[in-house]
Amino acid sequence: MGAQKSIHAGKAKIDVNVDFTHKLCAALMLQPFRNSGSPLELVIGSLCIKHPNLFGKSEKLDVLWDKGLYDSNILITYRKPRPEWLAQQSFVLQHSVSPEIGVHGLPDDNFSRSGSGGVNLSRLSAGLDLSEPASSNWSSKTSIKFEHIRPVSDEGWSINRDTHGFPVTCSGGYNDSMVVVKQESRYAKANDRSFSQFSLQIEQGVPILSKWLIFNRFKFVASRGLKLGPAFLLSSLTGGSIVGDIAPYQAFAIGGLGSVRGYGEGAVGCGRSCLVANNELTFPLSQMLDGAVFLDCGSDLGSGRHVPGNPSLRHGKPGNGIGFGYGLRFKSQLGHFQVDYAVNAFQQRTVYFGFSNLPS
């Protein structure tokens, strides 16, 4: 339920999307984090402005604003044209505000849901992205960005401690600042019967000032898809680790949709390291309907106690979790609808709904 509209203003294009569907689903399925103080909080949507020739030399400007129930994001990207054999440059400015549920969320209903822990993150970043020309099956991107992170309460006030009195920043103050150099490499190969994907992200905090964070963080995702007669098996393995300075919000959160289904976001645990395995078998039931069975598992590898303040222990998170279940995948010209029924290790049942591939 909502409205979509595209407007052309000269060479610029403006896409407006206002949607009430997500609000309705969330109202039925989730407990609210905070009371709505404005009618505008009842609306989620997005506004996208694109200009393909800003200064007459094919410079591209993209402005994207997304508003969710409890989060918002503004992303401004400016691209200058360069020869195809050179790295493509993008100047990026971004500001977002979102609840920190993965680390500071409070597990509920046998870890099947995570409620607000009263900690939200206001992030401001600015920097440069360099996308290298793709070669064969590999692609890579390097970025250098300044990030300023300020924890805020549900009421919007700056905070430096959580509800238990533990620091929520690395510095112990009301904000953290850092310069981060990030390298992303991706590999993809596919044929009629299978595909393989691998991605690796490495981040390095550069201490230009003594108070800024210095750390090294890496994360990998390896996926393999294989056609088995009419069925299709998809397996993936995700892992990562971080060394050096760490704020609680930098920990790896385990649990939730896209991680271990059957658990709330971060309800399995959060740690300096993580390992998550996902397996899903889909099979056709009709021309437009597929069935699915899945098995997810994840662990913080015993690293939860090394996160400052040990939020996993204080919130009683198990550190390891397994979820399994089944679902349906409905495909139509309007988009793809997905529903999953998951059971966690505590026999708590959760239903997930999802929409994707909707036309803009």
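The values are calculated or read from the model by the stated rules, or taken from the named source; none is laboratory data. Quick caveat: nothing in here was measured; it's all calculated off a predicted structure. Ideal geometry is used to build each Cβ from the backbone, glycine not excepted, and the neighbour counts take in all protein chains shown. Areas reflect the complete protein model, heavy atoms only, side chains present, ligands, DNA and RNA absent. Shrake-Rupley method; radii C 1.70, N 1.55, O 1.52, S 1.80 Å.
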The conditions are (1) more than 20 Å from the chain's Cα centre (by Cα); (2) over 21 Å from His104 (Cα atoms); (3) surrounded by fewer than 18 Cβ atoms within 10 Å (Cβ to Cβ), and Gly302 fails exactly one of them. Which is it? (2)
Can you tell me which residue is farthest from Val180 (Cα to Cα) among those in the stretch 207-226 that are of a type in the set (Lys, Arg) and open to solvent by 90 Å² or more (accessible area, probe 1.4 Å)? Arg224
Within the stretch 315-360, which residues are within 20 Å of the chain's Cα centre (by Cα) and of a type in the set (D, E, K, R)? Asp340
Enumerate the strands (runs of 3 or more DSSP E) found wholly within the stretch 85-138, keeping only those where 2 or more residues are of a type outside the set (Gly, Ala, Ser) and open to solvent by 50 Å² or more (accessible area, probe 1.4 Å). 88-99, 106-108, 120-131
Which residues, taken from the stretch 321-357, are crowded, with 17+ Cβ neighbours inside 10 Å and touching a Cys at 6+ places or on another chain (Cβ under 8 Å)? Gly321, Ile322, Gly323
Residue list for the stretch 238-266, filter: open to solvent by 10 Å² or more (accessible area, probe 1.4 Å), farther than 18 Å from Lys317 by Cβ and of a type outside the set (Ser, Thr, Tyr): Val243, Gly244, Asp245
What is the number of the single condition among (1) more than 29 Å from His315 (Cβ to Cβ); (2) at pLDDT 85 or above; (3) out of contact with any Lys or Arg (no Cβ under 9 Å at 6 or more places or on another chain) that Arg79 does not meet? (3)
Qualifying residue in the stretch 178-185 (condition: of a type outside the set (D, E, K, R), closer than 28 Å to Ser116 by Cα, in contact with an Asp or Glu (Cβ under 6 Å, 6 or more places away or on another chain) and open to solvent by 40 Å² or more (accessible area, probe 1.4 Å)): no
Being in a strand (DSSP E or B) and acidic (Asp, Glu) is the filter; apply it to the stretch 139-177 and report the residue that is most open to solvent (accessible area, probe 1.4 Å). Glu147
Criterion violated by Ala277 - all others in (1) crowded, with 20+ Cβ neighbours inside 10 Å; (2) touching an Asp or Glu at 6+ places or on another chain (Cβ under 8 Å) satisfied: (1)
